[in-house]
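I have placed the structure first, in the form of structure tokens, so that the comments after it can refer back to it.
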Amino acid sequence: MRLDIVTIFPEYLEPLNVSLVGKARARGVLDVRVHDLRRWTHDRHNTVDDTPYGGGPGMVMKPEPWGEALDTILASDEDGREPVLVVPTPSGSPFTQRTAVELAAESWLVFTPARYEGIDRRVIEEYGERLRVRELSIGDYVLAGGEAPVLVMVEAVARLLPGVLGNAESHRDDSFAPGAMASLLEGPVYTKPPLWRGRGIPEVLLSGHHGRIARWRRDQAFRRTARYRPDLVERCDPAALGAQDREL
Ligand code: 6GU
């Protein structure tokens, strides 16, 4: 999968050299290209922003550098791939695990993290006529720019790519993964030693009884979800609830 990221803070994307994403790059599963937007400015001060038409606080990112940047990047296609333009914005639709799964099926994503009050609307209109555009928000809070959201989205997508996680099963029962534990948060986990500061391991996990263990985990997941995310329990298909859930 190819990823292009256009930003005025290329160094903000340095974490993409580390850990899971860094290893995926080193192994050639991910081809990540970070571009400095200012490369496509032509004035002495490398201006990327200007005051908003209609007044109001803050600055808006000028369309010309974005247009030149995106034209250059889109023209650099090597094997006839059709990119998705990912525009991080607090005004976008929610980025969820479903979105991550959809984006993981693509072969080329182009990210446009903005600073200030966002990018001149005409840029999104212009490229919306040529390619698929996803305007996405990572949550209901406001960040100073789209770079941190890009890190979030790239990590969520990268770990879904074949051969990136060590164990192909590792994301099967993630919280939010579609499937058996659908929309339940994951419960507690334990490892050695069996006794730490006087605290033991729940008996059932030592029992070797796989059926009882699975049911206990399901129960813990349900309790945790009811406590921290009652909205997820509310949205859950009643048929997916076991008799034991109704007793809790
Ligand atoms: Cl994608 N960008 C910014 N600036 N703030 C956000 C966001 C994105 N998602 C949530 N807050």
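Pull out all pairs, ordered by first then second residue, where Cβ-Cβ is under 6 Å, the residues are six or more apart or on different chains, the first lies in region 136-150 and is at pLDDT 95 or above, and the second is part of a loop (DSSP other than H, G, I, E, B) and within 6 Å of the ligand (Cβ to nearest atom).
As it stands, the answer is Pro149/Ile138, since those pairs meet every condition given.
For region 61-69, state whether one or more residues are free of Cβ contacts under 8 Å to residues at least 40 places away in the same chain and aromatic (Phe, Trp, Tyr).
no
Could you grab me the full set of residues in region 18-57 that are surrounded by fewer than 13 Cβ atoms within 10 Å (Cβ to Cβ) and under 30 Å from Leu161 (Cα atoms)?
Val18, Ser19, Ala26, Arg27, Gly28, Arg33, listed by residue number.
The values are calculated or read from the model by the stated rules, or taken from the named source; none is laboratory data. Predicted model only: the values in this text are computed from it and were never measured. Backbone-built Cβ (ideal geometry, glycine too); neighbour counts: all protein chains shown.
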